[in-house]
Amino acid sequence: MKFNYSFIFIIPLAMILIMDNAFTELAFPHNLEAQGNMLNLLLKGMAAVSFGYSAFYFKRMSPVMRVAYVLTTLYVFAMVFESYYFYGTPMVYPHVFQKLFLFYFIFFVYTFYKGNFHLKFSHVVWFILGGFWVSVIVVHPDKLSLGAFTSHERGVYASSVYMLVIPFMYFLSKYIFHGKLMSLFMAFFILVSIVFFQHRTVWISTAIILIIYYLLIRFKSGLSINFAAKFMPIGIVLLIAGITSSAFLFSTNPEIITKIQDSFSDIENFDSQGTGGWRYIQWMSYLPFIQDNWLVGMRFEGFELPIQFWRDDTNEPVFDDGQGHHFHSFYVDILFYTGFVGLAIYCIMPIYAIVKGLSSKAMTVNQIILIAFISTGFAYGFSYVLPVFYYAILGWTIVYMEEDGVERTSYLRDFGSRWKAKAVGQYRKLTAA
């Protein structure tokens with residue numbers, strides 16, 4: 001049997017994916033200190049590797065990515081000089097530098113796969129899916145119950161559940177273009193998992209990606225897909241099965257309905273109830289500092305600023321002073337520490353990928369999945385700081401958009417010979433001079 005060596009090309013991407021809580025918890029179950037040490041070690045090590053590797057292969061970058069890299073590096077060097085001038089050390093607060101070091105993960109993944117575009121999409125999907133469920137079963141088996149659902153004991157971090165959106169869209173696409181019921185089952189299973197772990201921000205992100213995916217398939221793939229014909233028979237079967245099973249389930253566990261209603265109520269009233277209300281208060285507490293330092297942020301002064309967010313029950317700060325501010329919003333986090341300049345540098349890259357996709361004559365399914373996913377980051381970032389793996393996926397996405405010819409070979413390999421003839425015919429027709 002011939003071994004598929006392309007799997008080894010997942011290693012650079014995996015080195016960043018394993019920084020997610022699902023993998024750090026699996027490495028050190030129930031040991032927060034060891035998990036933190038592992039994450040810090042990986043962050044520092046991969047930041048250094050990412051900076052050096054992307055600098056060495058700077059010529060692989062497209063002009064837009066070169067501009068983004070140079071701007072990021074100039075900002076980092078400016079902070080190094082500021083730190084050395086005022087504090088006598090080049091990196092006085094690594095917590096602040098980390099806000100920009102994460103950008104280098106984009107450049108590292110981008111430059112590596114720009115020169116080694118051999119990784120199969122399915123390998124990433126199974127790595128994410130396998131790692132997530134092994135982590136849940138080993139570390140949080142007690143959270144897989146109706147009792148945990150109704151008592152809102154999520155157990156699994158939002159970032160880990162957010163990762164599942166990629167496998168969900170992959171298997172959904174496999175069903176649409178292959179018609180295999182196993183792929184539909186996998187997509188349905190992952191969707192149920194996303195709902196079960198109750199991260200409402202991920203629910204919203206999933207809804208957004210489905211809308212974007214449909215629009216891109218409809219207007220940018222050049223493929224004629226009858227969604228009604230694909231899903232109508234399955235929808236009827238699932239509806240009948242759902243009504244039958246839910247009638248029994250809800251009659252014996254009526255609290256499930258109440259819990260779902262409460263979750264949607266929290267979404268509708270984000271500024272006054274649930275964790276959304278908590279985030280809203282935090283945003284308002286730091287808004288004056290962001291407004292006063294909107295251009296380049298507070299940087300080191302921000303780290304030294306006393307915690308502005310207080311508990312109502314104990315009249316004490318939510319976090320301890322001297323450890324940085326831990327925001328539940330990417331936008332608040334990046335604007336507070338690095339200002340509009342830092343946000344603008346970041347936005348260059350996802351917007352570049354999206355515009356490149358929209359300006360192309362035709363997009364493959366892999367490209368559409370990735371563009372739709374990174375687009376959800378703009379919504380996810382309102383409630384959470386963007387997870388580390390998101391930067392890696394963004395770098396991978398940009399490669400997919402730039403390496404169009406190579407990507408189509410990978411895409412056809414992933415989606416099989418049955419789809420190959422039709423895809424090639426459609427693509428040639430659309431791109432004919």
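The values are calculated or read from the model by the stated rules, or taken from the named source; none is laboratory data. Not measured: the values here are computed from a predicted model. Please note: Cβ atoms are built from the backbone with ideal geometry, for glycine as well, and neighbour counts cover all protein chains shown. Surface areas here come from the heavy atoms of the whole protein model, side chains and all, with no ligands, DNA or RNA. Shrake-Rupley method; radii C 1.70, N 1.55, O 1.52, S 1.80 Å.
For this structure, a couple of remarks:
- Among the residues of region 142-176, those identified as modelled with pLDDT under 85 and part of a helix (DSSP H, G or I) are Asp142, Lys143, Leu146, Gly147, Ala148, Phe149, Thr150.
- Cβ-Cβ contacts under 7 Å between residues 6 or more apart (or on different chains), taken from a first residue in region 326-354 that is more than 27 Å from Pro306 (Cα to Cα) to a second residue that is of a type in the set (Ser, Thr, Tyr) and at pLDDT 95 or above, are listed as Ile345/Thr72; Ile345/Tyr75; Ala353/Thr397; Ile354/Ser375.
- So Phe373, is it open to solvent by 30 Å² or more (accessible area, probe 1.4 Å), of a type outside the set (A, V, I, L, M), at pLDDT 95 or above and within 23 Å of the chain's Cα centre (by Cα): no
- Any hit, region 31-50, residues being among the basic types (Lys, Arg), out of contact with any Cys (no Cβ under 9 Å at 6 or more places or on another chain) and without any contact (Cβ under 8 Å) to a residue 24 or more places away in the chain: no
- Helices (runs of 4 or more DSSP H) fully within region 202-308 counting 2 or more residues that are open to solvent by 50 Å² or more (accessible area, probe 1.4 Å) and at pLDDT below 65: 227-252, 255-268
- Meets criteria (free of Cβ contacts under 8 Å to residues at least 60 places away in the same chain, assigned to a helix (DSSP H, G or I) and open to solvent by less than 40 Å² (accessible area, probe 1.4 Å)) for Val125: yes
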